[in-house]
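Below you'll find the structure, written out as structure tokens, and then a few comments.
The values are calculated or read from the model by the stated rules, or taken from the named source; none is laboratory data. These numbers come from a predicted model, not from an experiment. Methodologically, a virtual Cβ is constructed for each residue, glycine included, from the backbone with ideal geometry; neighbour enumeration extends over all protein chains shown. Surface areas here come from the heavy atoms of the whole protein model, side chains and all, with no ligands, DNA or RNA. Shrake-Rupley method; radii C 1.70, N 1.55, O 1.52, S 1.80 Å.
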Amino acid sequence: MGKTASVLAVLALVAALSVAVSAHKDDERWSERERGREEERWSERERRGHEEARGGDEGGTGWREGDDWFLPHHSRPVVKTEAGSMKLVKGSGKSPMHIGFITMEPKTLFIPQYLDSSLILFVRRGEARVGNIYKDELVERRLKVGDIYRIGAGSAFYLINAEEGQRLHIVCSIDTSDSLSPNKFQSFYVAGGKNPTSVLSGFDHLTLSTAFNVTEGELEDMLMNQREGPIIYLSNTTHSPRSWSTILEKTGQGGDGQQSTWSFRKMMVSFMDWSNKKKDDRKGSRTGKGPDAYNLYDRKPDFKNDYGWSIALDEKNYPPLSHNDIGVYLVNLTAGSMMAPHINPMATEYGIVLKGSGTIQIVYPNGSLAMNAKVSEGDVFWIPRFFPFCQIASRTGPFEFFGFTTSARNNWPQFLVGADSLLHAMRGPEFAAAFGMTEKRLDYIIDAQRESTILPTATVAPPDEGAPGGVREAVRKFWSEW
């Protein structure tokens, strides 16, 4: 009996431990599910959206008119310091593109780093100095309002706002096609200290000090000082550049006394030289051989009439766009005018309202209205590939929006209404029969609109009704702060 009782006790203990381990694993799995819950919600929402867009059960969409699936309201802070911030609006579902908003106070630095994703910068306000490694050489450019500039994945770069009294605002696309994790991007800080941590800190200090040809004490001085975060005031770099200079001077000497051509060294020395120069000595707009910036406002519109203008940029106009096959566009509609209903046959479109207000209408494939929403300065919207849509300016003033398309090649927008619409190209007895009309009657309707692309539409343009409340108000607050 004694042995039996002991065996039973041991079995009971093993069973209890098994239950505890199982419970612990369940907790871990639950925690993991909790961490991914938001992404799952977005994925599920997109899945349902596409199913319902295809018609759902009995031909219904399941989406109410005005649902804001196409207006991403939530931004996530990626970087936040006293000197600036970066916020992210995540692309819908499995889209590889996200939209970033960078704000930098006067006299600040976004410290050297590289990403596993490519960036296209657009300067909305202020002026910036950007330095990045291009084909093993440091390229520096001064960016002004309206400039776009591409930084490739894996290319180390830094941003500087050297202006005395002007905040810098940059909108950027973040293409995660080459990223380590699907639809996510990762920063690798080359410089840094305790906050953020430089990737150099991960190496064994003896190994790293040997590589740098300095003592471990000098190395520690370089890697432990910076605590202000990824965006810092230039006045806070007084001590750190001195430490970097000492180490990089030693690093630049090989066994034969010849200076190293290591790209990172060039980058850091150039940055420190630049930050120590007087303002009058830094007026040059470019150094190094590499692509220049491209200014959208200096470009002649691709289309213009009395009701507005539009610009579309692709790799033919700006070759760096060919690396990721991304397009850039800028549209300005006069008060009360409309960008005619059209579709993108090859691209998903992301837009950011830069000025004014208006309405975005999007239609599901089954012919029902997906969204009819008012947007204003700071709102982000996205248009799925193939979905018909139009933009209408309010009657109170111009409506300007800028954005990115996920494909620049052969994405010729197909207009559904207007003098150059596909209805004109397809007119004939077959088309008239498809509408159940005579050719004469259909021709009358198609020919009634003599304008193309941008149309006069004061009768349907929205009035200025003020900003709505709720989530939309939060978005406007975010933009005003940004």
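With every protein chain in place and a 1.4 angstrom probe, the accessible-area ranking of Met426, Met437, Met222, largest first, reads Met426, Met437, Met222. One Cα centroid belongs to the stretch 127-153, the other to the stretch 422-456; the line between them spans 48 Å.
Quick one: length gained pulling Arg385 to Asp116 fully straight, 0.36 nm per residue minus the C-alpha distance? Don't skip to the answer; put the middle values down first.
On the way: separation 269, 0.36 × 269 = 96.84 nm, distance 2.56 nm.
Taking Arg385 through Asp116 to full extension adds about 94.3 nm, to one decimal.
Simple spin-label estimate for Val199 and His323 gives 1.5 nm between the two label positions (7 Å along the Cα-to-Cβ direction from each Cα).
Separation of the stretch 353-381 from the stretch 74-106 is 22 Å, based on Cα centroids.
Roughly how many percent of the accessible protein surface of the stretch 331-407 is carbon and sulfur, given a 1.4 Å probe and a whole-percent answer?
Ligands and nucleic acids excluded, carbon and sulfur reach 57 percent.
Here the label points at Glu82 and Leu416, each 7 Å from Cα along the C-beta direction, are separated by 5.4 nm in the simple model. The simple Förster model, with R0 at 41 Å and r as the Cβ-Cβ distance, assigns Asp178 and Glu218 a FRET efficiency of 0.70. The His73 and Ala448 beta-carbon pair, evaluated with R₀ = 60 Å, returns a calculated FRET efficiency of approximately 0.95. Which residues does a label at Phe188 reach in the stretch 115-129, if reach means a backbone N under 16 Å from a point 7 Å past the Cα toward the Cβ? From the stretch 115-129, the list is 115-119. Are there chymotrypsin sites (Phe, Trp or Tyr not before Pro) in the stretch 177-209 that DSSP puts in a loop and that have at most 16 other Cβ atoms within 10 Å, and which ones? Loop-located and lightly packed - Phe203. Using a simple spin-label model with pseudo-atoms 7 Å out from Cα toward Cβ, Lys289 and Ala434 lie 5.4 nm apart. The Asn305 and Gln166 beta-carbon pair, evaluated with R₀ = 35 Å, returns a calculated FRET efficiency of approximately 0.50.
Taking Lys and Arg as +1 and Asp and Glu as -1, the other residues whose beta-carbon sits under 10 Å from that of Ile170 total +1. Of the chymotrypsin sites (Phe, Trp or Tyr not before Pro) found in the stretch 325-411, the ones in coil according to DSSP and having at most 15 other Cβ atoms within 10 Å of their Cβ are Phe386.
At a probe radius of 1.4 angstrom, the accessible area of the stretch 328-452 per residue rounds to 41 square angstrom. Potential lengthening of the chain between Leu206 and Met426 amounts to 71.9 nm, from the contour at 0.36 nm per residue minus the alpha-carbon distance.
When all protein chains stay in place and ligands, DNA and RNA are ignored, the 1.4 Å accessible-area order of Lys374, Lys289, Lys355, largest first, is Lys289, Lys355, Lys374.
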